[in-house]
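First the structure, in the form of structure tokens, and then the observations on it.
The values are calculated or read from the model by the stated rules, or taken from the named source; none is laboratory data. Computed from a predicted model, the values in this text were never measured in an experiment. Neighbour counts are summed over all protein chains in view; Cβ atoms, including those assigned to glycine, are modelled from backbone coordinates with ideal geometry.
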Amino acid sequence: MPNYICTTCGTQYAEAEPPPPACTICDDERQYVKPTGQQWTTHEELRLTNRNSIRLEQPGLIGIGVEPHFAIGQRALLVRTPSGNVLWDCVPLLDPTLIEIVNALGGISAIAISHPHYYASMVQWSRAFGGVPIHLHVADRQWVMRPDDAIVYWGGETKVLGEGLTLIRCGGHFAGGTVLHWPSGSNGNGALLTGDIIQVVADRQHVSFMYSYPNYIPLSAAGVERITQAVAPFAYDSVYGAFWDTVIETGGQAAVARSAERYQRALQGEKQHSSAISDSMRSISENPGRAPSDSEVASGKGTDRGEGGGD
């Protein structure tokens, strides 16, 4: 029986026929189901239309993606170390050519993944390289759609892999949201591989934090604080986000701290704005016969349309 893959999130499911009636990952409020409804493919079908792409990100770090764009569109990262290569995050497709390339680079000794949106075809990848362990945080166990003996659940706040690589539980986007610290990266200054637990934004000088990216649901102030505290003890210069070119090449540690402060200020400003709107609404309700003030109109609460009286 086939292992169906959701075409929206790229998650591969356990063997089934027919496919599941819905995708558990996409039914969650952090993802979405397309207006056209749930759609599925298989690994075999995906190989007919797409291929893996590969790119050197920096010495010892290789990016792996899927072309043309498929599902979420993240790229994985292969971290090369003397004790074995670690695949960080995963993509839905693994074609024969890429298997040959990765084996020529020393294969894969372990897989570690930031959060459920990037579990993808992790079991397929593990089996292609000899059943290597897949390290997932136990807090996200319920989101595993294709269970396998290769999956190793870890708990607590950190887990050390080979050659000083450290998995750091940050939470945020998911309860078990994880980043990977690579101390040898960036010429020994350290690199932080973050998926979208900490997402590098368009200017490549800042990062951001979200509970849901496609649905624009922000992360709480407490969630951001937890993330920044979790990574604070680790030194790093570069930050690698979830997608091609989402990279802060230098000054990454300061950028994360600066961005967290900016995010917190924005949340505080929203609280102040909400408080002002509440005060205006209270004033209007207590004095229903009077015209709204200029400030009430500006807040959008002095008109029936809630748009400051504009057209």
*asked:* Can you tell me how many residues within region 119-129 are part of a helix (DSSP H, G or I) and crowded, with 24+ Cβ neighbours inside 10 Å?
replied: 3
*Kindly establish whether I111 is in the same structural domain as F234 (by TED's automatic domain parsing) and surrounded by fewer than 24 Cβ atoms within 10 Å (Cβ to Cβ).*
no
*Does region 95-109 contain any residue that is under 30 Å from I227 (Cα atoms) and part of a helix (DSSP H, G or I)?*
no
*Return the residue satisfying two criteria in turn: it lies in region 33-75 and is buried (at least 19 other Cβ atoms within 10 Å of the Cβ) and among the small types (G, A, S), and of such residues it is nearest to P18 (Cα to Cα).*
A71
_Suppose the filter is without any contact (Cβ under 8 Å) to a residue 60 or more places away in the chain and either part of a loop (DSSP other than H, G, I, E, B) or crowded, with 16+ Cβ neighbours inside 10 Å (or both); does L78 pass it?_
yes
*asked:* Just to confirm my filter: which strands (runs of 3 or more DSSP E) fall fully inside region 167-280 and include at least 1 residues that are out of contact with any Leu (no Cβ under 7 Å at 6 or more places or on another chain) and surrounded by 16 or more Cβ atoms within 10 Å (Cβ to Cβ)?
replied: 191-195, 238-241
